[in-house]
Amino acid sequence: MKHSKFITWLSAAFLGISFAAFSPSAAASAESEKGFVYSCDADTKEATITGYEGSASDVKIPDRINGYKVTAIGEKAFSNKRITSVDIPATVRTINNKAFAFCRYMTSADIEGAARIDELAFAGCSSLTDLSFSDDVPYIGVGAFLECTALDSVTIPAGVTVVDQLAFNSCSSLTSLTVLGDTELNANSFRDCISLSEVQLSDDSRTVKRHGFEAFYNCPSLYKVNGADALQYKTDENGIQYPVINPAIKTAVTNHFCRSIKVGFVDDYCTKLCKYIVKTETGYDSEHPETNWMNDGLKARQLHNWLIRHCEFEDSKNGESNSDSENQIASSVFLSYALNVRGNGVGESVCAGYARAYTMLLATAGIESYYIQNDQRGWNIVKIGDKFYHTDVPSDEGGNSGIRYSSFLKSTLRPKSNAKQYILEEHTLLTTYKNDISDIIENCTESYKDENGDGILDYDFDLDGKSFQYDFIDDLNAYQGLLRFAFGSLSSTDQINDRMAEVFGYLCKYNMDFWTYLDYSCPKPQTVRAGGTAEFRVTLFGDDLTYQWQYYNKNSGAWENAPYNGATGATLYVPANSTTDKMEFKCFVYNKNQNYIYSYPVMLKVV
C-alpha cells in the first residue's frame, strides 16, 4: 500500500512540531475503494472519508473500509456532489465542516450514530426533505443545515446538547420543529424559517440568554407551541377583547420566546395588547377616530403611567442580568407582563425594554416618538404638538411615593450625553415613524409646561392640550363655570390647577372630554314603561356636593321639592304612572360654599 504523508517539512516547522514525533506507523494514508477516498490511521485502525469519486447517487457510507472502522466524514468530502441520498453508519463520530455542503440534489440523509455534525456540514442542500438523526447525536454545528430550503420537518433528538448558531437558518420550507431533550438553542439557529408554524419544545430546552442570541428570529408563521394555539383572547368587564399568551406554554415562552424577534404569535400579541392598552387607557381607537377625546400630552401621560404600574426594573435575581436578551427587545415588557414575572399583571425589564414598549404604545396612539440611547441608557424623544421632548419612563417609578413626572416631557435629561437615534426593526410599531431627529436630541427647546409636576399642562382647565394663553376663553369658562363651583367658590387658579389630575380622572372614568362630560353630567329626559321606574341622574364631580330635586306641579303652577326616592341625592327615582307622565324635573346642586347651579328641566314620558 502506498502511503502519503499529510504534514510536510514546511508545515511541521511552521507549527513548531518536530517531524520526528510522527512515526511511519502513525501517519495517515490516503486511499480509494469503491469510489470512496479515505485516509486511515494504522495505529487506531480508523478511517476518515475524505472524498467521493463514485457514480452512485444513493450513497451508503460503509462502516468499515479495508479493515478500518469509518469514524469521520472529512471536510468537503462530498461537497457539491450529485448525490441524492446518504446513509451514515453508527461508527461515524464526526461529520466535518462542509462535508455535504451544496449537494443540491440530495433529498435524504440518515445519520445513524453519535455523530457530531460540524459547521456547514449540510449547508445549501436545497432538495433535502428527509432528515433523520440517531438519538445519540450530541451537537449540531454552526450553519449545519443552513439554507436547506426544502426541509419541512425536523426532530432534534434528546441527546443533542447544543444546536449552534445559524444551524437551520433560512430553511424556508420548514413548518414543524420538535426538540426532545435538554438542548441549548444558540443564536439565530432558526432564523428566517418563514414557514415554521408549529414547534414542540421540551421543558428542559432553552435559548441562550445573552443579548443578540435569539434562536427564533423572523418566524412570522409561528402560532402553535407544544400542540396549542399560543395566542388566545379574553373579554374584560366592559366587553373589550384583549390578547393573552396561552398559560399552557408558559415554560416554552420563558425558555425561548422571551428572547425571540419577529415571531408570529409574539408580534401579534404585542400589537393587539398595545391596541387594547391604548383603547382602555386613552380611549383612542384608530378605527373609530370619533372616540379620540384625549389630547396627545394626556395620552403620553396615561401610557407612561401604564408602564410604571405594570413593569418593574430588572432585579438581577436568579442569575438574570440587565443585558439578557429578554430585556433588550421589543417584546420585553409585554411578554414579561403576560407571564406575571413580578406578580399578577406585572413584568420586568430595563430602560431599553421600557423605551421600546413606550415607542410602540405611542405609535399605536398616533404619537410620534423615537428610541434614543447612549453608552449607558435608552430613553425616548416624544413629539407633542410641534415640539419634541425627552422622556425616561422607568426614572419616574417612585416606589412608595407613587408615579413621578420628573423625567416626563423634558427639554433634556442628560446634557451632552452623546445619545443617538436608533431605528429598530424588531417590530413594525418601532418603525411607524422614521424621521431623522439627530439634530433634535440635544436641541429640545423647552420642557412641557408642568410646574406642579402632575404631568398635565398647567392651567389647561378644559384639558384640551392648548396652553392657557392660546385658549383663554375656553379655559376661563371651564374655570369659572364648573371648576370653581366643584372645588369651592374661593378656589384660586393655582389651587384648581393642582387638582386637574382629579378632573382628568373623572373624564377618564366616563371616557369623554371636558365639554362633553359637562353636557353628560346633566339629567336626561326619560321614557319608561308604565309600572317601571325612571332614573334621573346628575354626575358632576366636586367637594361635598348636595342635591335637591324639584318637579313642576301643574296644579299649583310652581316648582316644588320632589316627593320621590333620592330627592336629596345625585339620582332621583320616579315611578312611571299616569300621575308622573309628562312631569318635568330639575336638580339644584349646592357646593360646599352653598352656591348652587341647576339643570335644565327634563321630562318623564310614560308609555
Practice problem: Collect the residues in segment 311-338 that are part of a loop (DSSP other than H, G, I, E, B) and surrounded by 19 or more Cβ atoms within 10 Å (Cβ to Cβ), keeping them in residue-number order. | Solution: Glu314, Gln328, Ile329, Ala330, Ser331
Practice problem: Please specify each residue of segment 239-261 satisfying the condition of being under 14 Å from Phe334 (Cα atoms) and surrounded by 21 or more Cβ atoms within 10 Å (Cβ to Cβ). | Solution: Ile245, Val253, Phe257, Cys258, Arg259, Ser260, Ile261
Quiz prompt | Meets criteria (hydrophobic (A, V, I, L, M, F, W, C) and under 16 Å from Glu112 (Cβ atoms)) for Val37 | solution = no
Quiz prompt | One residue from Tyr547, Tyr506 being of a type in the set (Phe, Trp, Tyr), touching a residue at least 12 places away in the same chain (Cβ under 8 Å) and more than 21 Å from Asp471 (Cβ to Cβ) | solution = Tyr547
Self-check item: segment 463-505 - residue that is more than 41 Å from the chain's Cα centre (by Cα) and of a type in the set (Ser, Thr, Tyr) and, of those, farthest from Tyr596 (Cα to Cα)
Solution: Thr493
Self-check item: Only listed residue being modelled with pLDDT of 95 or more, touching a strand residue (DSSP E or B) at 6+ places or on another chain (Cβ under 8 Å), within 24 Å of Asn218 (Cα to Cα) and hydrophobic (A, V, I, L, M, F, W, C), chosen from Ala352, Ala330
Solution: Ala352
Practice problem: Within segment 466-520, work out how many residues are closer than 25 Å to Asn238 by Cβ and of a type in the set (Val, Ile, Thr). | Solution: 2
Practice problem: Within segment 163-186, count every residue that is in a strand (DSSP E or B) and either under 16 Å from Tyr217 (Cα atoms) or not assigned by TED's automatic domain parsing to the domain that holds Tyr105 (or both). | Solution: 5
Quiz item: Can you find even one residue in segment 204-224 that is free of Cβ contacts under 8 Å to residues at least 40 places away in the same chain and in contact with a Gly (Cβ under 7 Å, 6 or more places away or on another chain)?
Solution: yes
Self-check item: Pair list, Cβ under 7 Å, 6 or more apart: segment 579-607 residue without any contact (Cβ under 8 Å) to a residue 60 or more places away in the chain and of a type in the set (Phe, Trp, Tyr), other residue surrounded by 15 or more Cβ atoms within 10 Å (Cβ to Cβ) and not in a strand (DSSP E or B)
Solution: Tyr590/Leu545
Quiz item: Going by the structure shown, is Ser195 assigned to a loop (DSSP other than H, G, I, E, B), under 27 Å from Glu320 (Cβ atoms) and not charged (D, E, K, R)?
Solution: no
Exercise. Just name the residue that is surrounded by the most Cβ atoms within 10 Å (Cβ to Cβ) out of those in segment 279-290 that are without any contact (Cβ under 8 Å) to a residue 12 or more places away in the chain and not in a loop (DSSP other than H, G, I, E, B).
Key: Pro289
Practice problem: Look through segment 501-548, keep the residues that are among the β-branched types (Val, Ile, Thr) and closer than 23 Å to Ser489 by Cα, and return whichever of them is surrounded by the most Cβ atoms within 10 Å (Cβ to Cβ). | Solution: Val503
Quiz item: Mind checking which residues of segment 263-278 are crowded, with 23+ Cβ neighbours inside 10 Å and under 11 Å from the mean Cα position of the chain (by Cα)?
Solution: Val263, Phe265, Val266, Tyr269, Cys270, Leu273
Quiz item: Regarding Ile308, is this residue surrounded by fewer than 20 Cβ atoms within 10 Å (Cβ to Cβ) and within 24 Å of Tyr389 (Cα to Cα)?
Solution: yes
Quiz item: Out of all the residues in segment 13-32, is one or more among the β-branched types (Val, Ile, Thr), modelled with pLDDT of 60 or more and either assigned by TED's automatic domain parsing to the domain that holds Leu131 or buried (at least 16 other Cβ atoms within 10 Å of the Cβ) (or both)?
Solution: no
Quiz prompt | Breaking point among (1) part of a helix (DSSP H, G or I); (2) surrounded by 16 or more Cβ atoms within 10 Å (Cβ to Cβ), for Gln480 | solution = (2)
Exercise. Could you tell me whether Gln421 is of a type outside the set (Ser, Thr, Tyr), in a loop (DSSP other than H, G, I, E, B) and in the same structural domain as Cys270 (by TED's automatic domain parsing)?
Key: no
Quiz prompt | Phe541 within 29 Å of Arg484 (Cα to Cα) and assigned to a strand (DSSP E or B) | solution = no
Self-check item: Boolean, Ala355 is without any contact (Cβ under 8 Å) to a residue 60 or more places away in the chain and surrounded by 24 or more Cβ atoms within 10 Å (Cβ to Cβ)
Solution: yes
Quiz item: Would you pick out the residues in segment 198-225 that are surrounded by 17 or more Cβ atoms within 10 Å (Cβ to Cβ), more than 19 Å from the chain's Cα centre (by Cα) and part of a loop (DSSP other than H, G, I, E, B)?
Solution: Ser202, Ser205
Practice problem: Please give the number of the condition Tyr233 fails out of (1) touching a Pro at 6+ places or on another chain (Cβ under 8 Å); (2) touching a residue at least 12 places away in the same chain (Cβ under 8 Å); (3) of a type outside the set (A, V, I, L, M, F, W, C). | Solution: (2)
Practice problem: Return the pairs, sorted by first residue and then second, in which the second residue is polar (S, T, N, Q) and assigned to a strand (DSSP E or B), the first residue lies in segment 74-90 and is within 12 Å of Asp58 (Cα to Cα) and touching a residue at least 12 places away in the same chain (Cβ under 8 Å), the beta carbons are less than 8 Å apart, and the residues are 6+ apart or on different chains. | Solution: Thr84/Ser108; Ser85/Ser108; Val86/Ser108
Quiz item: Given the conditions (1) on the phi < 0 side of the Ramachandran plot; (2) exposed (fewer than 13 other Cβ atoms within 10 Å of the Cβ), which single one is not true for Gln594?
Solution: (1)
Practice problem: Give just the number: which of (1) without any contact (Cβ under 8 Å) to a residue 40 or more places away in the chain; (2) within 30 Å of Ala167 (Cβ to Cβ) does Gly264 not satisfy? | Solution: (1)
Quiz item: Scanning segment 233-246 for residues that are in contact with a helix residue (DSSP H, G or I) (Cβ under 9 Å, 6 or more places away or on another chain) and not in a loop (DSSP other than H, G, I, E, B), which turns out farthest from Arg191 (Cα to Cα)?
Solution: Gln241
Practice problem: Confirm whether Ala228 is out of contact with any strand residue (DSSP E or B) (no Cβ under 7 Å at 6 or more places or on another chain), surrounded by fewer than 19 Cβ atoms within 10 Å (Cβ to Cβ), hydrophobic (A, V, I, L, M, F, W, C) and touching a residue at least 12 places away in the same chain (Cβ under 8 Å). | Solution: yes
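The values are calculated or read from the model by the stated rules, or taken from the named source; none is laboratory data. Predicted, not measured: the structure shown is a model, and the values here were computed from it. When we count neighbours, we look across all protein chains shown, and the Cβ atoms used for this are built from the backbone with ideal geometry, even at glycine.
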